[in-house]
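*Asks:* This structure is in structure tokens; I'll ask about it shortly.
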Amino acid sequence: MVQTESRTGSQPGAIPQQRVLRTELPGPRSRELAARRSAAVAPGVSSTLPLYIDAAEGAVLVDVDGNALIDLGSGIAVTTVGHAVPAVVDAVRDQVGRFTHTCFMVGPYEGYVEVCEQLNALTPGDHDKTSALFNSGAEAVENAVKIARRATGREAVVVFDHAYHGRTNLTMALTAKNMPYKDGFGPFAPEIYRAPMSYPLRDPSGMTGEEAAQRAIELIERQVGAARVACVLIEPVQGEGGFVVPAPGFLPALADWCRANGAVFAADEVQSGFCRTGAWFACEHEGVVPDLVTTAKGIGAGMPLAAVTGRSEMMASVHAGGLGGTYGGNPVACAAALAGIATMREGNLGAAANRIGETIAGRLDPLVAELPGIAERRGRGAMQALEFVKPGTLEPDSAAAGRIAAACHAQGVVVLTCGSWGNVIRLLPPLTISDALLDEGLGVLIDATRTVLAG
């Protein structure tokens with residue numbers, strides 16, 4: 001039984017890797033905190049779970065009432081190496097004891113340099129690269145646009161249907177979905193142009209990746225003009241937009257067009273990077289080498305950290321002082337990142353992601369065949385999703401996805417919804433999750449799906 005006295009940072013093994021429900025969800029302490037929250041926290045900040053977390057380890061979250069939940073969300077792909085990994089905890093403790101902040105722009109430190117060295121080595125391509133560190137994925141994306149504009153002397157930025165790139169003014173403009181991300185927050189930054197994404201489930205039957213790319217390119221050339229494009233920015237596997245995996249050939253064709261026309265090809269790997277899809281970066285599955293790569297989430301092993309990594313000559317186009325920020329590349333976050341990257345290497349977590357993906361496919365594909373309300377299972381590695389539709393159609397069924405997610409939460413399994421219509425359930429388990437815990441979590445999802453769709 002989980003001990004409610006356990007805290008994050010306890011000795012490894014303090015939290016058993018099992019699901020335990022001691023109260024109804026939410027329990028009495030969570031309900032007390034919810035009442036306090038309503039008076040103290042802005043209502044614009046929402047939460048998926050109606051309960052409050054007290055401790056976490058591995059792939060288990062423990063709430064303030066002692067309930068232990070299976071985490072199939074990883075804080076939206078952040079705790080890729082698991083919660084409270086000893087190497088990360090030790091690295092953070094050590095760094096906090098030495099110093100927590102100087103601002104790299106004032107007094108630099110080795111950890112920042114080492115993280116950049118790791119990024120330059122790990123990201124796709126053997127060309128010379130440099131990196132800059134920031135706080136969040138949105139901040140990294142915004143700086144990638146700055147770099148691309150400076151390097152090319154152009155202004156136009158091309159993004160795609162269903163894209164999600166963040167919540168700042170510029171990244172809201174880059175993001176496709178209005179509610180809840182953009183509604184009422186305009187006007188937005190100019191010179192942003194949207195092209196059709198390769199979405200195999202919803203594209204014309206038989207459309208290849210190359211054909212989908214040509215559809216996008218024709219729109220870009222006609223409505224924007226190739227000579228005006230600073231960068232084409234794309235998620236190699238879309239995240240918030242529904243875990244959309246473009247058809248093979250789509251990404252390479254776009255990258256080739258960028259090279260031929262002097263535009264920057266920028267890959268937003270904020271959610272898909274760091275072993276999540278079975279490779280260090282999702283671009284690698286098709287051998288695509290971006291000019292710029294943005295990273296966050298999994299890079300920090302739970303700490304806030306983000307980066308832009310790119311061709312040295314592009315990164316060098318920005319004048320001294322043009323990039324940076326007070327907290328960007330914070331030394332504690334850098335220490336966590338270095339320990340997390342070492343954990344990924346030592347545990348071969350890319351292979352683990354592929355095994356997780358195979359397990360999910362093996363459990364969920366028969367469910368897709370069984371239930372007409374599921375359009376498909378899709379994804380790469382440990383980045384998997386189910387899209388729900390009205391039976392016999394491709395009409396999105398967001399209500400079903402929401403009810404299924406809520407049913408999972410009530411049984412102590414954390415899953416997340418996403419998609420342009422909110423009709424997709426996404427699975428992002430820690431790559432260190434045990435086979436037994438993953439199997440149990442998937443069993444709860446399967447039972448909830450059958451119950452909701454049968455009803």
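Computed from the coordinates by the stated procedures, all read-outs in this text should not be read as laboratory data. This is a predicted model, so every value here is computed, not measured. Note: ideal-geometry Cβ built from the backbone for every residue, glycine included; neighbour counts use all protein chains shown.
*Asks:* Fewest Cβ neighbours within 10 Å first, please rank Lys177, Lys297, Lys182 accordingly. Let's see the in-between values first.
*Replies:* Details: Lys177 21, Lys297 28, Lys182 15.
Taking fewest neighbouring Cβ atoms as first place, the list is Lys182, Lys177, Lys297.
*Asks:* Could you run the Karplus curve 6.51 cos²θ - 1.76 cosθ + 1.60 with θ = phi - 60° over segment 17-30 and give me ³J(HN,Hα) per residue in whole Hz, x for Gly and Pro?
*Replies:* 8, 8, 8, 9, 10, 9, 9, 5, 10, x, x, x, 5, 5
*Asks:* Tell me, what HN-Hα J-couplings in whole Hz come from the Karplus equation 6.51 cos²θ - 1.76 cosθ + 1.60 at θ = phi - 60° for each residue of segment 160-169, using x for Gly and Pro?
*Replies:* Once rounded to whole Hz, the list reads 10, 3, 6, 6, 10, 10, x, 10, 6, 4.
*Asks:* Shifting gears a bit: Using each residue's phi in segment 347-359, evaluate 6.51 cos²θ - 1.76 cosθ + 1.60 at θ = phi - 60° and report the 3J(HN,Hα) Karplus result to the nearest Hz, with x for Gly and Pro.
*Replies:* Ordered by residue, 3J(HN,Hα) equals x, 6, 6, x, 5, 4, 4, 5, 5, 4, x, 5, 5 Hz.
*Asks:* Principal axis extents for segment 89-346, Cα atoms only, whole Å, descending order, please.
*Replies:* Answer, in whole Å and largest first: 57, 40, 37 Å.
*Asks:* Would you grab the residues whose amide H sits under 5 Å from the one on Phe160? Only those 5+ places off in sequence or on another chain, please, with H modelled 1.01 Å from N.
*Replies:* So Phe160 has HN proximity to Ala195.
*Asks:* Apply the a/c threshold of 1.5 to the C-alpha gyration tensor of the chain and tell me whether it is rounded, prolate or oblate.
*Replies:* Numbers: a/c = 1.70, a/b = 1.17, b/c = 1.45.
It is oblate, given that a/c is not under 1.5 and a/b is not larger than b/c.
*Asks:* How big is the dipole moment of segment 89-346 about its Cα centre under a simple scheme where the beta carbon of each Lys and Arg is +1, that of each Asp and Glu is -1, and everything else is neutral? Debye, nearest 20, please.
*Replies:* Numbers: 20 positive and 28 negative charges, 120 e Å.
Using Cβ point charges on Lys, Arg, Asp and Glu, segment 89-346 gives about 580 debye.
*Asks:* Rounded to the nearest 500, what is the chain's calculated 222 nm mean residue ellipticity when only DSSP H runs of at least 4 contribute -39500 (n - 2.57) each, over all residues? Intermediate values should be presented prior to the final figure.
*Replies:* Values: 13 runs with 167 residues, N = 455.
Calculated from helices alone, the mean residue ellipticity at 222 nm is -11500 deg cm²/dmol.
*Asks:* What FRET efficiency comes out for Val20 versus Asp256 if R0 is 51 angstrom and r is the Cβ-Cβ distance? Round to the nearest 0.05.
*Replies:* On the way: r = 52 Å, r/R0 = 1.03.
So the FRET efficiency works out to roughly 0.45.
*Asks:* Mind putting a number on the dipole of the chain about its Cα centre? Charges go on the C-beta only, +1 for Lys and Arg and -1 for Asp and Glu, and I need it in Debye to the nearest 20.
*Replies:* Working: 36 positive and 47 negative charges, 176 e Å.
My answer is approximately 840 debye.
*Asks:* In straight Cα distance, which aspartates and glutamates are under 17 Å from Lys297, not counting same-chain residues fewer than 8 positions off?
*Replies:* Filter leaves Asp71, Glu139, Glu142, Glu235, Glu240, Asp268, Glu269.
*Asks:* Shifting gears a bit: With a point put 7 Å past each Cα toward its Cβ, work out how far Ala87 is from Leu394 in nm, to one decimal.
*Replies:* Result for the modelled spin labels: 4.3 nm.
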